[in-house]
Amino acid sequence: IVMGLMVSFGNELIRYNPANKRIEYSTNRGSSWYTRNSGSSIGNVKSIIVYGDELILCSDKGVMYSTSKGSSWFTRSSSHKDFIDLQDAGKEILATTADGHLYYSTSKGSSWFRRR
């Protein structure tokens, strides 16, 4: 399942390209793409969102964030490697798992709670 792997952030489109496992950006609505991050530190990205002034992603390495438009990434939670999709829900971030569980975070993804 491929979820949201491209977002609008300011005047750029930012995407995770699974073919080359890179974070790329475009300033011309996707006509051309440039590499912003080609490191393997983010793992295989499943979903990426804009949340406030950050990019937040979930991958097989957990939940990570960037304050540099995707140039560098930092782990926010390594305990939830099973998330497959993230959603900005205003005051919280929602995450789903392949088995249908829903989690939420009110701390930008630092801590997660299962919603019943």
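The values are calculated or read from the model by the stated rules, or taken from the named source; none is laboratory data. Please read all numbers here as calculations on a predicted model, not as lab measurements. Note that we place each Cβ from the backbone using ideal geometry, even for glycine, and neighbour counts take in every protein chain shown. For the accessible areas, the whole protein counts, side chains as well, though only heavy atoms, and no ligand, DNA or RNA atoms are used. Shrake-Rupley method; radii C 1.70, N 1.55, O 1.52, S 1.80 Å.
Using the crude model of +1 on Lys and Arg Cβ and -1 on Asp and Glu Cβ, and no other charge, please compute the dipole size for the chain relative to its Cα centre, in debye to 20.
Charge dipole of the chain: 120 debye, to the nearest 20.
Contour minus end-to-end for residue 6 and residue 98, with contour as 0.36 nm per residue of separation and end-to-end as the Cα-Cα distance? If you can, show how the numbers build up before the last one.
Working: separation 92, 0.36 × 92 = 33.12 nm, distance 2.02 nm.
Result for the pair: 31.1 nm of gain on full extension.
Could you sort 64, 6 by accessible area so the largest value comes first, with the probe set to 1.4 Å?
6, 64
Need one number for the range 12-64: average projected area of the convex hull over its C-alpha atoms, nm².
It is 3.7 nm².
Assuming R0 = 30 Å, can you tell me the calculated FRET efficiency for the pair residue 79 and residue 50, based on Cβ-Cβ distance, to the nearest 0.05? The partial results should precede the final answer.
Details: r = 23 Å, r/R0 = 0.77.
With a Förster radius of 30 Å, E is 0.85.
Where the convex hull is taken over the Cα atoms of the range 64-110, what is its projected area averaged over directions, in nm²?
So the mean shadow area of the Cα hull is 3.5 nm².
Residues of the range 3-27 with the amide nitrogen closer than 18 Å to a label point 7 Å from the Cα of residue 68, along Cα-to-Cβ, please.
Label zone hits: 14-16, 22-26.
Would you mind giving the average projected area, over all directions, of the Cα convex hull of the chain in nm² with one decimal?
6.8 nm²
Keeping all protein chains in the complex and leaving out DNA, RNA and ligands, what accessible area do you get for residue 113 with a 1.4 Å probe, in Å² to the nearest 10?
Solvent-accessible area, nearest 10 Å²: 100 Å².
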